[in-house]
Amino acid sequence: MGRFVVLSALGLWLLGASMEAQEAALEAPFTQGTTVIEGADRRPQTSLDGAWHVIEDPYFTGLYSFHHEEKKDGWFLNLPWQQGDQKLVEYSFAHSPTLRVPGDWNTQRDSLFFYEGPMWYERDFTYHVSAGKRVFLHVGAANYKSLWWVNGQKVCQHEGGFTTYDCEVTAQLKDGANFVVAAVDNTRHADGVPTLQTDWWNYGGLTRSVSLVEVPTSYITGYDLHLDRATRTRLEGWVQVVGAVAGETVTVSVPELKGNTSAVVGPDGRALVSLAVPGLQAWTPEAPKLYTVELAAGSDAVHEQMGFKTIEARGTEILLNGKPIFLRGVSIHAEAPYRTGRADTEKDVTTLLGWAKELGCNYVRLAHYPHDELMTRAADRMGLLVWSEIPTYWAIEFSNPAVLAKAKQQLGEEIARDRNKASIGLWSIANETPATEARTRFLTELAGEVRRLDDQRLVTAALLVRSAGPNEKVVDDRLGAVLDVIGMNEYIGWYEGRPETADTMRWTVAYQKPVVVSEFGGGAKAGLHGAAGERWTEEYEASIYEHTLPMLAKIPQVRGMSPWILMDFRSPSRQLPGVQDYFNRKGLISDQGQKKAAFGVLQQAYRAGYGRAE
Ligand code: GCU
């Protein structure tokens, strides 16, 4: 008996130990060795964009042995395959084809259209290292997991397909000839953010620009400069310095306003700054004023272009610079106009935002993930408030602590990159998530994280609405209690009822908070015409808008909208031949730039001052 007791106790201990090990393994994040250098795009960069050699590696042979252990002689060594010592090498970047970076692989080669798996990238580059400098690889985004090596040495790895990150390569760089290797794997994961199901194309690869950024050993890694909400006459915030020597000072100046201040860096590397800016012209969509802002610390300097505004919620109003505003908007996916694929050029983003301005928008919802930084820089310049969102989309694993950690990581990277963009008005923590206990706990934590990182914007989420009868809709998702602005998606006339169903729909919103209708709309094939009652015609889509706009105008809390969606976009679940052909056709404009009838309906409403609060 005694032996049995001892053995079972040992067994329980071993079981517990192995579960702890699994727990620990579960919590060990994939992302390692990365940081975010805020304002990196405002620093001199060595671009690594262009043609990279690529090797499709569906079994990840280049990284893992047949027993799934990481190889020490993986393809990241970039060995030549003709060897004097006849070592067996079964790959060759130099003899492999190339793909363009930035760019998803799906739209660059027909055979890669549906490819989901690992892809190797390699390019050679020359670099001249300066003494006393630190060098970082700056990655605009890589979807979904990415691993990086410089001159055959591992430098970092990252999970998340839409956020910008930096990893240090100072120790691995040589003066002169170098090579960099990346492995990017767009395989979807149940415990991913997003998870397995999305209504957008899983464009894989180095989908945004890659460069090298050089900073002094003591450099500015982050800053937050915002207009104080109380008086709107001072800039307040902080500058974060890495490697600062005790007593080092930072200076912040706004030459056009003759504003200048300096502050001493504390032991935590942070300097709190505040400077009076009499005469500052607050940023607005109609007058998107940007100022040159010089930040300096020791030998480091960042030359920013920044606009300043305040945004807050008061009762059911959204106040921009203290005045009520109605957000006349539209939702946008990062789909490249005309050529399709990920939007990753200046022309892509100015085309998309140009259409939004032409529509009469003062606001855009960048769905469902942080877009290229080119997009938010363009929104700053062109005057469009932005709803920015991380892809906590539909039914992610809300009970999994590792998934919460991933969502927090992506949120932190998103906010670090864009917290100083005037255009950012709302940080969205979710889209259409099931109202379970686990989801509400998860997102309540995320809402707190947003406010910890940036308490100058509004926290929102796109909620599902509840039917309380054939003509009754209720918005009472408990998550609303922790939001500043209630986002809600509805599809009356498309997924339920007919366009005229909207005429008799009654709405109850359980919150006295501003509501933004984050999605509504329907599909149409551009150029397909028929009776307004005929689905997929432009007339049917237009009819949804004609009946929805008056319905939403009757909801007293509605203070904005971003109909779904500006432009048709690719999705694997939209397959109706001759109509969808793997495109979601709810665009007001086709992927080839054809404006549909609904574009004119919304444009007319916006130009006539729909919802005008001011
Ligand atoms: C959902 C979802 C979108 C999707 C849209 C649609 O609301 O948020 O991502 O594309 O509806 O069904 O077209």
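General remarks:
- Partners for LYS357 among lysines (Cα-Cα distance below 17 Å; same-chain residues under 8 apart left out): LYS289, LYS347, LYS595, LYS596
- Volume per residue for the chain equals 195 cubic angstrom (convex hull of Cα atoms).
- Based on alpha carbons, the Rg and Dmax found for region 229-309 are 13.4, 44 Å.
- Proximal lysines to LYS554, defined as alpha-carbon separation beneath 25 angstrom and excluding residues fewer than eight positions away on the same chain: LYS323, LYS473, LYS513, LYS586
- By average C-beta atoms within 10 angstrom, highest first, the peptides 391-403, 370-382: 370-382, 391-403
- Dipole magnitude (debye, nearest 20) for region 2-216, charges at Cβ of Lys, Arg, Asp, Glu: 380
- Sequence of ILE318, ILE589 once ranked by neighbouring C-beta atoms within 10 Å, starting from the fewest: ILE589, ILE318
- Note on LYS72: lysines with a C-alpha under 16 Å away, same-chain residues under 8 apart excluded, are LYS87, LYS154.
- Distance from region 567-590 to region 78-108 (C-alpha centre basis), Å: 35
- Averaged over residues, the count of other Cβ atoms within 10 Å places the peptides 536-548, 440-452 in the sequence 536-548, 440-452, highest first.
- By the Stokes-Einstein formula, at 0.692 mPa s and 37 °C, region 325-607 with its Kirkwood radius over alpha-carbon pairs has D equal to 173 µm²/s.
- Percent antiparallel among DSSP beta bridges (both partners in region 308-445, rounded to 5): 35
- About its Cα centre, the dipole of region 324-425 is roughly 180 debye, where the only charges are +1 on Lys and Arg Cβ and -1 on Asp and Glu Cβ.
- Note on ARG441 and TYR64: with the Förster distance fixed at 41 Å, the Cβ-Cβ geometry gives a FRET efficiency of about 0.70.
- Centroid-to-centroid separation of region 215-251 and region 496-558 [C-alpha atoms, Å]: 46
- Short-range pairs are left out: with C-alpha atoms under 8 Å and at least six residues apart, the relative contact order of region 492-614 is 25 percent.
- Taking THR504, THR98, THR164, THR198 and counting other C-beta atoms within 10 Å, the order from fewest to most: THR504, THR98, THR198, THR164
- Over the chain, relative contact order from alpha-carbon pairs under 8 Å, at least 6 apart, %: 11
- With both residues required to sit in the chain, DSSP beta bridges show an antiparallel share near 70%.
- Peptides 560-568, 134-142, ordered by how many other C-beta atoms sit within 10 Å of their residues on average, highest first, read 560-568, 134-142.
- Unpartnered cysteines - no second Cys beta carbon under 4.7 Å - across the chain: CYS361
- Ranking TYR203, GLY140, HIS128 by Cα position along the charge dipole of region 2-216, where only Lys, Arg, Asp and Glu carry charges on their C-beta atoms, puts HIS128 farthest toward the positive end.
- Two-site FRET efficiency, THR350 against GLU472, from Cβ-Cβ distance with R₀ of 51 Å, rounded to 0.05: 0.75
- Taking all Cα pairs closer than 8 Å and separated by 6 or more residues, the relative contact order of region 2-216 comes to 27 percent.
- Cβ charges +1 (Lys, Arg) and -1 (Asp, Glu), total dipole of region 353-479, debye: 180
- Cβ-based charge dipole, region 229-309, positive-most Cα from ALA297, LEU280, ALA244: LEU280
Bear in mind these aren't lab numbers, they're just calculated from the coordinates by the rules spelled out. What you see is a predicted model, and the numbers here were worked out from it, not measured in a lab. Note that each Cβ is placed from the backbone with ideal geometry, even for glycine, and that neighbours are counted across all protein chains shown.
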